[in-house]
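Contents: one structure, followed by commentary.
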Amino acid sequence: MAVFKGKGVYGAVAVGKALIFKRQAAEVRRVSVQDTEQELERVNSAKELAVAQLTQIHEKALKEVGETNAEIFEIHIMMLDDEDYNDSIKSIIETQKVNAEYAVAVTSDNFAEMFANMDDAYMQARSADVKDISNRLIACLTSSGESASVQDEKMIVCADDLAPSETVSLDKDKVLAFVTAFGSSNSHTAILARNMNIPAVIGAGQEFLDALEDGCIVGVDGHTGEVFVSPDEETVKRLENKQAEDIKKKQLLLELKGKENITLDGTRINIFANIGGVGGIGAVLANDAGGIGLFRSEFLYLESEDYPTEEQQFQAYKKVLESMAGKKVIIRTLDIGADKQIDYFDLDKEDNPALGFRAIRICLTRPDIFRTQMRALYRASAFGELGIMFPMITSVSEVQKCLDMCEQVRNELSADGIRFNEKTELGIMIETPAAAVISDKLAPMVDFFSVGTNDLTQYTLACDRQNAKLEPFVDTHHEAILRLIEMSAENAHANNAWIGICGELAADLSLTETFLRMGIDELSVSPPFVLPLREKVRSLSLK
Ligand code: PEP
Ligand code: MG
C-alpha cells in the first residue's frame, strides 16, 4: 500500500478501481497485415461499438445538458457513417495492407486537415469532431471497446490535472471519486468536483500518478485528503466504515429539508446553490436550496463547439427558471478567460491570464457576444424570478456600460413586442478589491452584490488561485478579505441593496456566524453544502 496526501475538496470516502484519465489518444503504430478482410471486419465491429457508445452518451446528454447541446453526438454518429470517411479507411487498408488503427489515424489526419482549411467556420469546427470520432474508433479497435466515458463500472478518475472543459465532459454517473496530482482547491475543477457530490482530492503529487496502474484499487478520503494506492484490508475496512458514517450523517441532514434557515434567536438568511449548467438543477432541488445564487453561464459556452446562439441560450435559461418555479435564479454573464479558455474565442496567450482579458472585459469589448447573451437573458426573464449579475467589476464606468447594454436590450425587446420582466434584478460580483473599496459608489447603481470570494481572495492576497504551491500562503480567513466583505455589506445596506456570497467561502461553516453578524442576506454554495449550512445556521445564536 502507498499513501499520498493532497487536499480534500469534497468530504466523502470511496474505494474503487483507478481509471487513469488519458488526454491523448493511444499512439497508433503502422503494422503490415496479410488478411485485409479481417481488418475491414474489425473496423465494422469497432464502428458498431462506437455507435452504441455515442447513442448512450447522446441519451445521457439529452437529460443533462438539453437537446441543443446533445446534438453534437448525433452529428458524430452520422460522421461515423460518412461514405468518404469510410472509403478512405477501406482504401488505405487494402492498398497499403496495413492495420485498421493506422488506416483510421491517417484518415483522421487527412480529413481533419481538410476541414481545418475550409473557409466556413462551421466546417472548420468539424475538424475537431473528425479527430474525436476517430479517437473513439481507435479506442474501440485497440481495447475491448471500453472508453473513459462509457465504462460500466463506477471508477476513480485519476489525472494529472483536469481543465474545466474536461471535467464537464466526464460521464459523471461513472465517476466514483476524483484524484488529481496537481491543481489547487480553489480551481474550477475543484469547484466542479464539489458540485458533483463525490469524494475529491486535489494535488496528490506526481508520485501518486507514478504509483498507479490502470484498474488498481484506490482508496480516497476526501475529508483528510489522503489517497491510498492498493490499500491493505484494514485500510479498506476503515474507509468503508467512514463511508457508512457519511451516509448516516447525510440521512440525518435530509431531515432538515423543508425547514427554515433561521438562527436560534430568529435571524433568517437565504441559502441558495451554485450550478454550472442545466444539469445541476436536480441537485439544487434535491438539496432544497431556496434558489440559485450563481449560475455560471460560461459552461454553456464551454460545452459548445461554437458561440451558443441567442435561441440556445434562451432555452437553457428558460429551463432553469421554469424548473425553479418562481424561486430566485441569479445568472452570471459570461466569465471566461484565465483558467476557462474556449478555443473558438481565439483569445491571445497572456503572461498573466488571471490579471488579463477575462469576464466583463471580454463582454465590453465584444458587444456582439454580450448583446446576444443579454437578449437571451431578458427573454428568459418572463419565465421566472431572474437576477442578472456581472463578473469581475472594478469600476463605476464598467457598471454603467453594463446597465446601458441592459437598457438597449430592453428597448429592443419592447420595440419588437417581446415579453420580459422589467423588474429583473441587476447586480454585480464583488470579486476585486477595487469593487469592494468603491462599493459605496457601486451600490446605488444596482439591486444586489454577490461576493466572489474565490477571486476576491486571489486578488487581495496576490495569490494565483491556480497555483497549488501557494496554498500555504492563502489564508482564506485573512482579515483584509473579511474587512472588504464587511465594508461591501455596509455599503449595500446603506443603499437598499442586498448582499450575498457565492464564492467557496460561503460554505465555510467556521465563518457562518461572522457572515450572519455582518448582515449577509444570502449564502450560495454547492448543492451538497446547502443542508450542512442550514444545520449550522439553525445551531447559532447571535445574541
Ligand atoms: C468567485 O470568484 O468567488 C466566483 C464565485 O466566481 P468563479 O469561482 O466562477 O470565478
Ligand atoms: Mg470569480
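Identify, please: which residue in the range 334-388 is modelled with pLDDT of 95 or more and polar (S, T, N, Q) and is, among those, farthest from residue 425 (Cα to Cα)? The residue in question is 365. Helices (runs of 4 or more DSSP H) fully within the range 361-469 that include at least 3 residues being under 28 Å from the mean Cα position of the chain (by Cα) and of a type in the set (Ser, Thr, Tyr): 453-460.
The selection criterion, being within 30 Å of residue 11 (Cβ to Cβ) and either charged (D, E, K, R) or assigned by TED's automatic domain parsing to the domain that holds residue 275 (or both), holds for residue 483. For the range 1-53, the candidate set comprises residues that are among the acidic types (Asp, Glu) and either modelled with pLDDT of 90 or more or over 33 Å from the mean Cα position of the chain (by Cα) (or both); within that set, the residue that is farthest from residue 79 (Cα to Cα) is 35. If the condition is being hydrophobic (A, V, I, L, M, F, W, C), more than 16 Å from ligand 1 (Cβ to nearest atom) and within 29 Å of residue 456 (Cα to Cα), then the range 375-411 contributes 376, 377, 386, 396, 399, 402, 403, 405, 406.
For beta carbons closer than 6 Å, sequence separation of 6+ or different chains, a first residue in the range 452-475 that is in contact (Cβ under 8 Å) with a residue 12 or more places away in the chain and a second that is away from ligand 1 (no atom under 15 Å from the Cβ) and in a helix (DSSP H, G or I), the qualifying pairs are 460/480. When the residues of the range 485-529 are filtered to those that are more than 16 Å from ligand 1 (Cβ to nearest atom) and over 22 Å from residue 393 (Cβ atoms), the one that is surrounded by the fewest Cβ atoms within 10 Å (Cβ to Cβ) is 510. Pairing residues of the range 532-543 that are in a helix (DSSP H, G or I) with residues that are surrounded by fewer than 22 Cβ atoms within 10 Å (Cβ to Cβ) and at pLDDT below 95, at Cβ distances under 6 Å and at least 6 apart in sequence or on separate chains, gives 534/256; 535/256.
Just to be sure, is residue 157 under 24 Å from residue 49 (Cα atoms), modelled with pLDDT of 85 or more, of a type outside the set (Phe, Trp, Tyr) and in contact with a Phe, Trp or Tyr (Cβ under 6 Å, 6 or more places away or on another chain)? Taking the combined requirement at face value, the residue satisfies it. Looking at the range 422-453, which of its residues are of a type outside the set (A, V, I, L, M, F, W, C) and either farther than 17 Å from residue 482 by Cβ or surrounded by fewer than 19 Cβ atoms within 10 Å (Cβ to Cβ) (or both)? Across the range 422-453, the qualifying residues are 422, 423, 424, 425, 427, 433, 440, 441, 444, 447. Taking the numbered list (1) in a loop (DSSP other than H, G, I, E, B); (2) within 16 Å of ligand 1 (Cβ to nearest atom); (3) surrounded by fewer than 17 Cβ atoms within 10 Å (Cβ to Cβ); (4) among the basic types (Lys, Arg) in turn, residue 349 passes all entries but (2).
The values are calculated or read from the model by the stated rules, or taken from the named source; none is laboratory data. Being a predicted model, the structure only gives us computed values, none of them experimental. Quick reminder, even Gly has a Cβ in these numbers, built from the backbone with ideal geometry, and neighbours come from all protein chains shown.
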